[in-house]
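The structure appears right after this line, and notes come after that.
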Amino acid sequence: MKHNYGNSLCISTQVGCNMGCAFCESGRLKKRRNLKTCEMVLQILKVEEIINEKITHVVLMGIGEPFDNYDAVIDFINIINCGKGLDIGARHITVSTSGIIPKIEQFIEDGKQVNLAISLHAPNDTLRNELMPINKAYPLKDLIQVLKKYIAKTNRRVTFEYIMIKDKNDSLACAKELASLVQGMNCYINLIPYNETSHIQYKRSEKETILKFYDCLKKNHINVTIRKEFGTKVMAACGQLRAKIEEDV
Ligand code: SF4
């Protein structure tokens, strides 16, 4: 992804994923295996070779749950952050999790200076249980509590990713509930228009609905952005890629 601030690359950490999020093509087929650290590094080196430019920003938001492959992911972060490695600044690296609380605790203890993002996608347990089964093990109250601990300990901001799914999590009631859930936290919310695929019935929220949702959060003094889209037309946007490859095999 080319930005005015540099080249950002989204890295996968597993082949498949066991988290089973209802909206996600990548997780539709279960985890086959964890990627090794070297395989994650190679994703960067290969793309740099192809585009003949440096990757300046890395997000661990591709296929897989990074904290379900914790040790290899931390080694990867150390290597790409190291001056003798790829020398990518810690502030330019973002690791995203669906909310495995014990691993977030470990991440706090490890004191990594990289950014932390949480795939939230719902403002209450009922809806989140439906969209993200992980929530049954680690409900929102506990997740928010550990994130407050993270913010207090690191003095860093947390990003919440929120996929906008039509008539599912995009009502104004959801926006208000979301605002009160994160009220007072050092965070921002990234609204992501849902990427539709042929296997999942969910539809993308209307543009106007997304804007109303955004306005509601703004009015409640929540930092919020709407994610710029990349790759939808070539089935390379979030959650679309793996299913296409599987179909072609
Ligand atoms: S959204 Fe992320 S954690 Fe959830 S199934 Fe997809 S790849 Fe796994």
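Among the listed pairs K36/K168; K46/K103; K54/K219; K54/K148, a Cα-Cα separation exceeding 32 Å is found for K36/K168; K54/K219; K54/K148. Set the bar at 19 Å for Cα to Cα. Now go through K112/K153; K136/K228; K112/K218 and name every pair that lies beyond it. Going by Cα-Cα distance, K136/K228; K112/K218 fall outside the 19 Å limit. Within the chain, which whole H helices from DSSP have a Cα span along their axis of at least 27 Å and a mean Kyte-Doolittle hydropathy of 1.0 or more, if any? None clear 27 Å together with a mean of 1.0.
Distance from the Cα centroid of the range 122-199 to that of the range 11-32 is 19 Å (rounded to whole angstrom).
Taking other Cβ atoms within 10 Å as a rough exposure proxy, C17, C82 sort from fewest to most as C82, C17.
Using θ = phi - 60° in the Karplus curve 6.51 cos²θ - 1.76 cosθ + 1.60, the 3J(HN,Hα) couplings for the range 19-35 round to 6, x, 4, 5, 9, 10, 5, 4, x, 5, 9, 5, 4, 8, 6, 6, 7 Hz; x is entered for Gly and Pro.
Taking amide H as placed 1.01 Å from N in the peptide plane, S96 has its amide H under 5 Å from the amide H of L60, A117, each at least 5 places away in sequence or on another chain. Rounded to the nearest 20 debye, the dipole magnitude of the range 7-155 is 240 debye, with +1 charges on Lys and Arg beta carbons, -1 on Asp and Glu beta carbons, and the Cα centre as origin. Set Lys and Arg Cβ to +1 and Asp and Glu Cβ to -1, take the dipole of the chain about its Cα centre, and tell me which of H121, C216, S171 lies farthest positive. Farthest along the dipole direction, towards plus: C216. Evaluated at q = 0.11, 0.13, 0.14 Å⁻¹, a Debye calculation over the C-alpha positions of the range 2-243 (equal weights, vacuum) places log10 I(q)/I(0) at -0.55, -0.80, -0.94.
Based on the alpha-carbon set only, what is the convex hull volume of the range 20-122 divided per residue, in Å³?
117 Å³
For the range 2-9, backbone phi angles converted through the Karplus equation (6.51, -1.76, 1.60; θ = phi - 60°) give residue-by-residue couplings of 8, 10, 6, 9, x, 9, 10, 10 Hz, Gly and Pro being listed as x.
Values in this text are rule-based calculations from the coordinates and carry no lab data. Remember, it's a predicted structure, so these values are computed and weren't measured experimentally. Neighbour counts are summed over all protein chains in view; Cβ atoms, including those assigned to glycine, are modelled from backbone coordinates with ideal geometry.
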